[in-house]
Each structure stands twice: as structure tokens, then as C-alpha cells.
Amino acid sequence: MTDRAPAENHAGGQRLTAMHPHQAVNWPALRQDFPILDQQVHGRPLIYFDNAATSQKPRAVLDALVHYYERDNANVHRGIHELSNRATAAFEAARVRAAKFLNARSADEIIFTRGTTEGINLVAAAWGTKFIKRGNKILLTEMEHHSNIVPWQLLAERTGAQLAYLPINGDRGLLEPGRLDEFLTSDVKLLAMTHISNSLGTINPVAEYCERARRRGIVTLIDAAQSAGHGPLDVQQIGCDFLALSAHKMCGPTGFGVLYGRGERLAETPPYQGGGEMILSVDFQQSTWKPAPHRFEAGTPDISGAIALHAAMDYLDGIGRGNIAHHDQELGAYAFEKLSALPGIRLFGPTMGRAGLVSFLLDGVHAHDVVTVADRSGVALRGGHHCNQPLMKRLGVESTARASFYFYNTTAEIDRFVEVIREIQMFFGK
Amino acid sequence: MFDDLTELYHQLLLDHNKSPRNFRVLPDANRIAQGTNPICGDNYTIYAKMDGDVVQELTFQGSGCAISKASASLLTESLKGKTRAEVKAMFDKVRDLITTGHSDGDLGKVAALSGVHKFPARVKCALLPWHAVAAAVEGRGETVSTESEKE
Ligand SMILES: Cc1ncc(COP(=O)(O)O)c(C=O)c1O
């Protein structure tokens, strides 16, 4: 695939931006930054194709974690002593770094969370409980992850609101922008949608959707779990009110993430959890709380998580997120093309402009059998519903097998993977 | 190429997966139970026709992975004509076999499931239809599930 403008192509997918010409990145050399990749499983070289579930971590991130615990560990915002000052400074520096990473207007718009799931739950519980009323509608899409469905179901149950879903066009997994207006009815108060589908590889034109929703006064939330770290991400360009991401899918640690909230949204949002760190003063009957972002961060946070995420963001920007997007999409397109050439395979997601992952089913072979056999060949895949049960229902399947890539993967690994798929087809007598 | 896999995917299992035996609805069944695994999406219905204490007929329907389907197919063959107590005894032996790789006594063709224990993630697949048949024969016409969803 050659460089292209980020415009929506006719297949309806959208490039994550490959505006800058593909700069020379020494991709094979980057592999050396990931100690875990250099190993054999079941006697075969590891081919790690489960990056949509979690990415591997480069040495720089591991070093940041170790350095923090070996040199600077202390609680934040509480102490006056040197280590506490260092820990606090590093923790808040990570917030500033995250604001820059997302092009937020201010570091006060950056809330640290346990991940995408907690970010969405925070919005549903704190903002949603105050602003979503009986009879209101929450608009989602049919390709959402359970973490962008269930928090809204819980909110709807509490408030008497309803959920509606933007449909996809079958196996190609594209939304139909032409039908958006039909769904943006006056009772819709919130549009919550994923940037990149973890099952389909669809890249949604979120800036356009947010713009059209915003014009009608609808608040927007973007699930950026699959897009953060896989390409440029600019909350002002997207124009969303909230955006949630997970550090572990972008070279950072597990159990940590960021929720971006537009300043005016956070100002009107009551606390999420109560405890230390988030209060100004506490009396026996009543307390007053801090402004955003600390209002939403009760208790001792994951300090090392913030510091490691900071290292991950530096690492990714060192490569260039435009370059990563380009490389990811090249791998996705390459795998899609190679798999398309096989007999007896059903592929999901857009034919063009897909993210770096491919979901598929082999005729007569269950996804779990594919994954079990691939594992014995050293290839780590994922099989199942990928926390997308409503989507699976929509596609009329129980599960799919999925190969998902990151910048340290290679076309040689994809060639080997496709060979393994052929062997699996043979093994099960096709 | 897949030497270490031929134990899990024993030739007999591959055969039963491709051509499952007793794979049909049993119209005059008097005991029906369902087995589902929400993670894999495995979903089987076991139909039993009991005559007093004895399993007269046993069939199944549904879909899932090769291991669960072959296990269900073998089960329908091996439990026909057995009493309720014998089904229970067989269930215990098969569970031992699937979880540890061995078991007392002769299990016949079902012994083909012995390789499953080396693949912990697949134990539940092999056991699913056995849970369902136990529920059916004991008259607990219910849905048995290997676990709750977690991914
Ligand atoms: C699209 C999408 N949304 C949300 C999540 C949830 O992320 P986490 O489990 O890190 O909170 C995931 C990851 O599984 C995802 O792929």
C-alpha cells in the first residue's frame, strides 16, 4: 500500500492519517526493544499476533518502572519529603505528557484511570447519572466492545434511558454515514462509539460523527482503546467530549489508562468515587471536592502506571505515530490479501482502509481449534467473541479467530501465519 | 508438523467431528438438557429417551469446536443402554480421564479423549456434553454452563 491522503476511501473506511510520507524507520531494529519477542513457544519462534488484546512492552517502559521503584517510590500529593516530591512531579509530568499526546487543551482534561473500561464507567456513573434522564437515548454502534455497552446498559437501567445502535453493513463492518441523521433524533443525549473496531478492524470516521452529533448538542465519547498508540490521536481534531484509552494496548502497563474530558464537561461532572486525593476539605457531614482532574482520582493512584505510560508515549512518538499507522495498515492489508487468496475462509471487516488486524473463520473449523493448533506452531492468535457478543450476533457467528498486529510484526511473520492456516485447513481435512 | 497435536486431536476425534454420530433431534425424547460455553459459543442439546432407569436412545444437536463435538458424538455412542447409575459412574471416569489423562477401567473409544488434559484451555470443551448428559439423565432439564463469561 502506498501513501495516501487520510480521506475516506470509497470502501468507507478511514485512514488513521498517513499524511507524512513514510519516513525511513528501521522496523526490524525496533524488535530488539522488546525482550519478550525473542523466545520460542512449543519449540517454535514466537509470532505474537494478539496485540489487540494487549501489546508487548519495550525495554524503555520496563526500565521506567524499575527506575521508579528503585529510586523515587513514594506517595503523591501528600508528602513534603524529597521522594514524595519526585513521585508527585513524575506523576503530574505524565499528565502533561498525556495532554500533549492527545492534543488536549490542558492537562486538567486528563484523568488517570485503570483503563478504557474504567474511563467509560466513570463517564456513565458520574456524568451520565447527572445528565441522562428517563426517555433519553444513548446512541452506540453495533461494533462496540462490551465495555462500551454494559456501562450504558447499567446507566439506562438506573435512569430509564434507552439504547440505540448504529447498524453496520454486514461482514464488511462499516457504518453507513448516510444513515446517521436518521438516528440523531432529538431524544439522543450521548453518542458513544469506538474509533477502531477490535473485531473488524474498521476505522470509523469519528471526527465527522462527533461534528454531526455536536451540532445537535449531543455529547460524544470515543473508545480509543484500539487506536491510541496505533496512529495520531487529536481530541481537538476529533471534537469529542470524552475519549478513553488503555495504556496496555500501546506499549504501557496493564491496569492503567487515560480518560480525556473536555474542560466544560468535567466542570459539570460530579465526583466518581470518594476518598483521599479528591477532596478539598472533609467535615463530619459534608465535604467539598477538588476541581478536575483530581476530583475524579480518589485514593492513591497507580503512580508507576503513569510513569510507565509516559515512557510509552515517548517511545511511540520517537517512532512517529504516523509511521506506526502506516506500517500497521500495511500489515493489515497484506494479511487480508494473503488470507483472501485461501479457499474456505470467511473474512470480516473492510476490504480497504483497515486497521492492523484481521478476523476470520475457516469453513468447518471452529475458531478455538484454529487458535489451539496455531499456538502449537508458535503463533499467538485470539479466538472467541472478543467481548463483542452483540456484533457476533449481528454477523451471525459464535466467534471468530483474529490476528492483530503491531509495528514490531513483520510480513515474514504473516507469511508464516498464512502457511500455518493452510496447515490447519489440511489438518482438519479440508 | 503437528505431532504434539495428534494426541489432542486423536484421529477418532477428527472423524467424529467431521461425521458426528447420532447427530439429530430425538422426537420422542423424554429428557432434554442444554450445554453451553459462552466463551467458545459452544452450544449443544442432548436428547435422551429413558425407559425407566435405562437410556434407550441418545442423540444431540448443536455446534462448537472439534473437541466438544467429537466428545458429544462419542458420548451418545457409549452411553446408550446404560442405567442412570452407570451413566453417573461413566461421567466420573471420563472427568478423571479428561482432567488427568488416565482413569480406572475400560472406557472404550472414549479413551481417545485422554490427550485433552495436556491442553488446560480445552478441558471444558471436552467435558461440556458430559455435564449436559448428566443433567438430562438426572432429569434436571436445565442449561448447564461450563463457566460464566470472562474475556
Ligand atoms: C475497542 C475496545 N474497547 C475497550 C476495551 C477495554 O479495554 P480495557 O480492558 O483495557 O479496559 C478493549 C480491549 O479489550 C477494546 O478493544
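Quick check: at a probe of 1.4 Å, how many percent of the accessible area of chain A sits on carbon and sulfur atoms?
Using a 1.4 Å probe with all protein chains present, chain A comes out at 52 percent carbon and sulfur.
Please report, in Å, the Rg and the Dmax of region A:21-166, where both are computed over Cα atoms only.
Final numbers for Rg and Dmax: 21.1, 58 Å.
Please report, in cubic angstrom per residue, the volume enclosed by the convex hull of the alpha-carbon atoms of region B:19-95.
Dividing the Cα hull volume of region B:19-95 by its residues yields 85 Å³.
Can you give the charge dipole size of the protein assembly as shown about its Cα centre, rounded to the nearest 20 debye, using +1 on the beta carbon of Lys and Arg and -1 on the beta carbon of Asp and Glu?
760 debye
Please give the per residue accessible area of region B:15-129, computed with a probe of 1.4 Å over protein heavy atoms only, in Å².
So region B:15-129 comes to 39 Å² accessible per residue, rounded to a whole number.
Region A:61-317: percent of C-alpha pairs farther apart than 28 Å?
Summing the P(r) tail past 28 Å for region A:61-317 gives 34 percent.
What does the charge add up to near A:V96, with Lys and Arg as +1, Asp and Glu as -1, over the other residues with Cβ less than 12 Å from its Cβ?
Computed value for this residue: 0.
Calculate for chain A the 222 nm mean residue ellipticity that helices alone would give, adding -39,500 (n - 2.57) per DSSP H run of length 4 or more and normalising by residue count, nearest 500 deg cm²/dmol.
Mean residue ellipticity, 222 nm, calculated: -10000 deg cm²/dmol.
Over all distinct Cα pairs, what is the inverse of the mean 1/r for the protein assembly as shown, reported as the Kirkwood hydrodynamic radius in Å?
25.9 Å
Can you tally the lysine pairs in region A:61-317 where the Cα-Cα distance is under 28 Å and the two residues are eight or more apart, or on different chains?
Lysine pairs meeting the criterion: 8.
Which net charge results for the neighbourhood of A:T194, defined as the other residues with beta-carbon distances under 10 angstrom from its beta-carbon, given Lys and Arg at +1 and Asp and Glu at -1?
-2
Considering all alpha-carbon pairs of region A:193-251, what whole percent are spaced by more than 15 angstrom?
Roughly 44 percent, once rounded to a whole number.
Based on the Cα atoms of region B:86-143, what semi-axes does the equivalent ellipsoid have, where each is the square root of 5 times one gyration tensor eigenvalue, given in whole Å with the largest first?
20, 14, 7
Take every DSSP beta bridge whose two residues both sit in the protein assembly as shown, then give the antiparallel share in percent to the nearest 5.
65 percent
Run the simple label-point estimate for A:N73 and A:N169 please: 7 Å along Cα→C-beta, distance reported in nm.
5.4 nm
Just report the Cα centroid separation between region A:217-241 and region B:35-83, whole Å.
Answer, in whole Å: 48.
Taking every Cα atom in chain B, find the radius of gyration and the maximum pairwise distance Dmax, and write them in Å.
14.3, 50
Please list 3J(HN,Hα) in residue order for region A:153-162, calculated via the Karplus relation 6.51 cos²θ - 1.76 cosθ + 1.60 where θ = phi - 60°; whole Hz, with x for glycine and proline.
Running phi through 6.51 cos²θ - 1.76 cosθ + 1.60 with θ = phi - 60° gives 5, 5, 5, 4, 5, 6, 9, x, 7, 10 Hz.
With unit charges on the beta carbon (Lys/Arg positive, Asp/Glu negative), name the residue among A:A380, A:F183, A:H81 whose Cα is farthest towards the positive pole of the charge dipole of chain A.
Going by the Cα projections, it comes out as A:F183.
If you count only protein heavy atoms with a 1.4 Å probe, what accessible area per residue comes out for chain A, rounded to a whole Å²?
38 Å²
Assigning unit charges at the beta carbon (Lys, Arg +1; Asp, Glu -1) and nothing else, what dipole magnitude in debye, to the nearest 20, does region A:215-321 show about its Cα centre?
Using only the charged Cβ atoms, the result is roughly 300 debye.
Of the options B:Q34, B:V110, B:F91, report the single residue whose Cα projects farthest towards the positive end of the charge dipole of region B:27-151 (beta-carbon charges: Lys, Arg +1; Asp, Glu -1).
B:V110
Please go through the residue pairs B:K69/B:K124; B:K49/B:K82; B:K93/B:K124; B:K80/B:K109; A:K338/B:K18 and name each one whose alpha carbons sit more than 22 Å apart in this structure.
The answer is A:K338/B:K18.
Please calculate the 1.4 Å probe accessible area of B:W130, with all protein chains present, and give it to the nearest 10 Å².
0 Å²
The values are calculated or read from the model by the stated rules, or taken from the named source; none is laboratory data. Every value quoted in this text rests on a predicted model; they were computed, and no experiment measured them. Glycine also receives a Cβ, built like all others from the backbone with ideal geometry; neighbour counts cover every protein chain displayed. Calculation scope for accessible area: heavy atoms of the full protein, side chains included, ligands and nucleic acids excluded. Shrake-Rupley method; radii C 1.70, N 1.55, O 1.52, S 1.80 Å.
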